[in-house]
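Notes for the one structure printed next.
The values are calculated or read from the model by the stated rules, or taken from the named source; none is laboratory data. Values in this document were obtained by computation on a predicted structure and should not be read as measured data. Using ideal geometry, Cβ is built from the backbone for each residue, glycine included, and neighbour counts are taken over all protein chains shown.
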């Protein structure tokens, strides 16, 4: 054996002996430490008690997030504070959520979570009042597949669903379906309770946002569920939208709400305006009413013959709301207003009935009460002419003599029809309205008017009968 091998072997033996000695010392020190009496810890001052933990859980907001290929389905608003997102990936590829300050894509990244297909996890965050963007951070899911949404965090009191201190005031129904918000477009300012019903097959809700984009109240509901949102609204314009997933952006679940001074809405008021009365028939989706009425105190007797909620709202040429009423299917109501001469728009204020279904007509209010001479007590007994109305035609003479005229009008159609007389000026342009009448199907009535020499247009003033069905003829008065 060489000298080098002996030296190496000796060195290894010395190292092993030293290592064993150190181990004995360490174990002895540990044993000595275990023999020391235990120090008693006082957990009454600094420890988190069970009650505090319960309070923390109560303050923690829960939001469900469902990820799919390629969509984020979740509420788009919450109150400021602690929030727990319960995230499930229902897609076939990995997805996740990331939270970024602001909505311009330039803010700081705050939190993120990624999940494999079929996995679930939670993400606890603390967010202050403001606007955020929640998106999928995987690959190009955000940019190419649009997996992002805006998330609004309001004040602690912003979400007022089922609050203990309930706001007591006017109550309005809101019906949610796939994908529509059915509610009045105009209400009176003050304390408001929205009774919200989800009749859709998926989760829906409403959120109320003012002109500054501040969230004032919200609720979300599973299919078949009902809830309430109670808020105090001042006069102004608000946006009501569905805060679930992309329902607002992709499915246009958003409507505009006009809040006016309380005296402007005159639906079923105790101090009713008494004056001329006119019938209004609502259906899916049509407003059947006269196109011309005299100025003064007007009562509209509104009947909803449709299957869903409808109504009428009256707007002047400046866009100011003068009165409105909403009626459930099969029910009736009255609307009392005072109208000056001019042109008004009458429309259905429910959901998108005005924009999507053209439930809007023009109403002309004449200056002289005598312009509409339906059933006038002072009968004019002169020339008499027969007029026969059908679907959709006016059968009457083309020429009559100037003076006092009586038109005996019979409606032989299957729907309501009528007659309206409008002067044609020297330039051939439409002029003043002279007289009008509306008649239910199968009935007859008389219209008495004094006509001067000239040219007139005689048309049916009901709904779109004039424009869409050509119920219009020329009359020459000699």
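Mind checking whether some residue in segment 301-316 is exposed (fewer than 15 other Cβ atoms within 10 Å of the Cβ) and modelled with pLDDT of 90 or more?
Among the residues of segment 301-316, at least one is exposed (fewer than 15 other Cβ atoms within 10 Å of the Cβ) and modelled with pLDDT of 90 or more, which makes the answer yes.
So, residue 188, is that one at pLDDT below 90 and out of contact with any strand residue (DSSP E or B) (no Cβ under 9 Å at 6 or more places or on another chain) or not?
It is false that residue 188 is at pLDDT below 90 and out of contact with any strand residue (DSSP E or B) (no Cβ under 9 Å at 6 or more places or on another chain).
What number of residues within segment 270-295 are at pLDDT 90 or above, closer than 21 Å to residue 340 by Cα and not in a loop (DSSP other than H, G, I, E, B)?
The total comes to 6.
Might you check whether a residue that is more than 21 Å from residue 60 (Cα to Cα), in contact with a helix residue (DSSP H, G or I) (Cβ under 7 Å, 6 or more places away or on another chain) and surrounded by 15 or more Cβ atoms within 10 Å (Cβ to Cβ) occurs anywhere in segment 98-106?
There is no residue in segment 98-106 that is more than 21 Å from residue 60 (Cα to Cα), in contact with a helix residue (DSSP H, G or I) (Cβ under 7 Å, 6 or more places away or on another chain) and surrounded by 15 or more Cβ atoms within 10 Å (Cβ to Cβ).
Output the residue which, of all residues in segment 343-373 that are part of a helix (DSSP H, G or I) and over 20 Å from the mean Cα position of the chain (by Cα), is modelled with the lowest pLDDT.
Per the criteria, the residue is 371.
Determine, yes or no, whether residue 240 is under 20 Å from residue 61 (Cα atoms), touching a residue at least 12 places away in the same chain (Cβ under 8 Å) and either in contact with a helix residue (DSSP H, G or I) (Cβ under 9 Å, 6 or more places away or on another chain) or not assigned by TED's automatic domain parsing to the domain that holds residue 352 (or both).
No.
So is residue 407 over 40 Å from the mean Cα position of the chain (by Cα) and surrounded by 17 or more Cβ atoms within 10 Å (Cβ to Cβ) or not?
Answer is yes for this residue.
Output the number of the condition that residue 117 fails; it satisfies all remaining conditions of (1) assigned to a loop (DSSP other than H, G, I, E, B); (2) at pLDDT below 90; (3) under 26 Å from residue 70 (Cα atoms).
(2)
When you check residue 323 against the structure, is it outside the structural domain of residue 174 (by TED's automatic domain parsing), touching a helix residue (DSSP H, G or I) at 6+ places or on another chain (Cβ under 9 Å) and in contact (Cβ under 8 Å) with a residue 24 or more places away in the chain, yes or no?
Criteria met by residue 323.
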